[in-house]
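Enquirer: I'd like to ask you about the structure that follows.
A short reminder: the numbers here are calculations on the coordinates, not readings from a lab. Just so it is clear, the structure is predicted and the values come from calculations on it, not from any experiment. A quick note on method: Cβ atoms are made from the backbone with ideal geometry, for glycine too, and the neighbour counts reach across all protein chains shown.
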Amino acid sequence: MAVFAAAGYTLLMSTYSLPEAQAKLPELIARARNGERVVIAEGDRELASLTPIANDRGAGPTPLGVDWLRARLQGAPAQEPAGDFVSRMRDEDWR
C-alpha cells in the first residue's frame, strides 16, 4: 500500500496485478468502498482503478479517514470547547 500526502490529505493507494485482482476482487471492492484507491496494473502500466462513488448526500467521512483521525487525536491534549473559547475571547475585550 502506498501512502501519499497532498494538500493536507492522506491518500491511500494499493496496486495489484490483473491475476491478483481477479482472485481478490471482493476484498478490493471493500477496500475501495472504505476510501482506498485500488489500481490494477499490468507490469508498469495501470489498466484500471477502483474508487468509491460518492452518494447524493456527499461522500462524508470514510471509515479509513475516521480511523486515521482517531489515531492522530490519541494522546492529544484536551482542548477548550469552542463555545467557551469564543465567550472568553469576546469577554476579554470588555475588561
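Enquirer: Applying the Karplus parametrisation 6.51 cos²θ - 1.76 cosθ + 1.60 with θ = phi - 60° to the phi angles of the range 33-50, what ³J(HN,Hα) value in whole Hz is obtained for each residue in order, glycine and proline being reported as x?
Expert: Taking θ as phi minus 60°, the curve returns 4, 8, x, 8, 7, 10, 10, 10, 10, 10, x, 8, 9, 6, 9, 7, 9, 9 Hz for the range 33-50.
Enquirer: Using a Förster distance of 22 Å, how high is the FRET efficiency between residue 23 and residue 46, based on the Cβ-Cβ distance and rounded to 0.05? List each step's numbers first, then the result.
Expert: Details: r = 19 Å, r/R0 = 0.85.
The calculated FRET efficiency here is 0.75.
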